[in-house]
1. Figure the gain on full extension for B:T182 and B:I6 (residue separation times 0.36 nm, minus the Cα-Cα span) and round it to one decimal in nm.
2. Can you return the aspartates and glutamates within cross-link range of A:K164? Criterion is Cα-Cα under 18 Å, with same-chain partners fewer than 8 residues away left out.
3. Shielding of A:103-114 by partners, i.e. mean partner chain Cβ atoms within 10 Å per residue?
4. Taking the Cα-to-Cβ direction at A:C67 and at B:R26 and moving 7 Å from each Cα, how far apart do the two end points lie in nm?
5. Taking the Cβ-Cβ separation of A:R191 and A:L142 as r and a Förster radius of 30 Å, what is the calculated FRET efficiency to the nearest 0.05?
6. Select from B:A240, B:I150, B:G218 the residue farthest towards the positive end of the dipole of region B:50-254; place +1 on Cβ of Lys and Arg, -1 on Cβ of Asp and Glu, and compute about the Cα centre.
7. Quick one: if the Förster radius is 60 Å, what FRET efficiency do B:T252 and A:E124 give, using the C-beta to C-beta distance and rounding to 0.05?
8. Rank these for me by crowding, A:D29, A:D216, B:D195, going from fewest to most other beta carbons within 10 Å.
Amino acid sequence: MTDLAEPLKISIRDLHKSFGSNHVLRGVDLDVMPGRSMVVIGGSGTGKSVLLKCILGLISPDSGSICIDGKSVTRLSARKRAKVMSKFGMLFQGGALFDSLSVWENVAFRLLYADGVARKPAKERAEAALNQVNLGADVMGLSPAELSGGMQKRVGLARAIVAKPEILFFDEPTTGLDPITADVIDNLIRRQVTALGATAVSITHDMNSVRKIADDVAMIYEGKIIWRGVAKDVDNSGNPYVEQFVTGSENGPIKVLAR
Amino acid sequence: MNPLAILGHAVLALTREAGAIALFTRRGVVAALMPPWYWSQLGAQLLRIGYFSLPVVGLTAVFTGAALALNIYTGGARFNAEQFVPNIVVLGITRELGPVLASLMLAGRVSAAMAAEIGAMRVTEQIDALETLSTDPFRFLVGPRILAAIITVPILVLVADIIGVMGGWAVSTQILGFNGATYIRNSVDFVTQWDVVSGLIKAAVFGFIIALMGCYHGYRSKRGAQGVGRATTNAVVSAAILIFAANYVLTTLFV
């Protein structure tokens, strides 16, 4: 399925991760091509978040390999990891904005604290990034707690794109938002990924979001990628697990246990 | 369950915790002492731990000094030794009560606040966000707090020493009939430089413990409000116990 002539942006091979007796990732293989938006779908507890955190280096896998631009990033020192992180932009599920800083300082955080940019140019770049996510200068001095959930997501997106990263990660970008705000966020994500020419990896269980932002889709189930294809094929995958997930039916091979 | 298995689990858990604290301490100390430093974070912590703790430390010291003077006067009266009130108050405050009581109050105020703040950052993924923004959380969060506590707690204890002695002076002159100038002269003549310095060394160690326990428990906070609450409690309790233990060790070294 992968065109070997084109270098892979992200390549994951046989990734395993356990927490105690809970074997979450059981041999994940996944390739992401440069400039493509890959969305990993799957139910709660299937390992989506753990997979994303392994790629980001926030969790160390037990075995397997993760390569970015052909170089292994599976086990790096803190300093080398920080360098790899400069390629990344990440939008967290809850925004993960820093309460103690203003909106513009949140957006400009990487510029101020990691890249050593002076406050004035950093503030100008933060304002430009906020404009790109349809937020005006009037919110720059506010604290994150003063923003609505949708605005916090947009500020989080501005923070992710401000340093023009090569790879963008989105963790459940529309969870907890009303359908209209979710659509706004999806459109912004799609627009920004295209504008930056970035590679994107998202995890979600929101099929509306998948249809908006995905070029490619992979489904994770019980710690393994069980299906992969282009986004337009997701409704005709021929895979009973994917079909059940897409239709949201209780009946099918995926059993949800009452807990 | 087999009693030996219970013992084994307890020993393993204790060893794991000790190892985790040792590794955390090493990373925290390196972050505190080695550049790059985040000066704005250090400044904010100096203000928060130092300046904003002045009222609680001052009030603790003044009432402790006052009560100490009354107790020493009452006890000393049994041996006709009431005149030693200024000497014993200044010795007790500078060597023992100033550093220990101020640090215990700071364990309640500062350790708890650090654990709650860092714990909330952990559960809302703000610490993960720091890493994805190429910023080492130890350098940004832990290092400045440890450094600020080591700097400010001795200063706070020096203030507590002065206020504590003045608390004793106030009671002695207003209630016990001491002459104010004589009380001060007796105190100053009796106290040695080492009495004060040994108390300040203790304070620096206690400051390190306060910040370390606050950061450690916050950093390892489990998910949810309950996790943050438990981290806060553990930070205060462990900081208080370690302060008492360290106080005993340091006192045996300093006597």
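Coordinate-derived values only; no laboratory data. Note that this is a predicted model, so its numbers are computed, not measured. We place every Cβ from the backbone using ideal geometry, glycine too, and count neighbours over all the protein chains shown.
1. Extending this stretch completely gives an extra 57.1 nm.
2. Leaving aside aspartates and glutamates fewer than 8 places away in the same chain, those within reach of A:K164 are A:D69, A:E105, A:D115, A:E124, A:E127, B:E131.
3. Counting Cβ atoms of other protein chains within 10 Å of each residue's Cβ and averaging gives 3.
4. Distance between label points: 3.2 nm.
5. Efficiency computed from Cβ-Cβ geometry: 0.80.
6. B:G218
7. After rounding to 0.05, the efficiency reads 0.50.
8. Exposure proxy ranking, most exposed first: A:D29, B:D195, A:D216.
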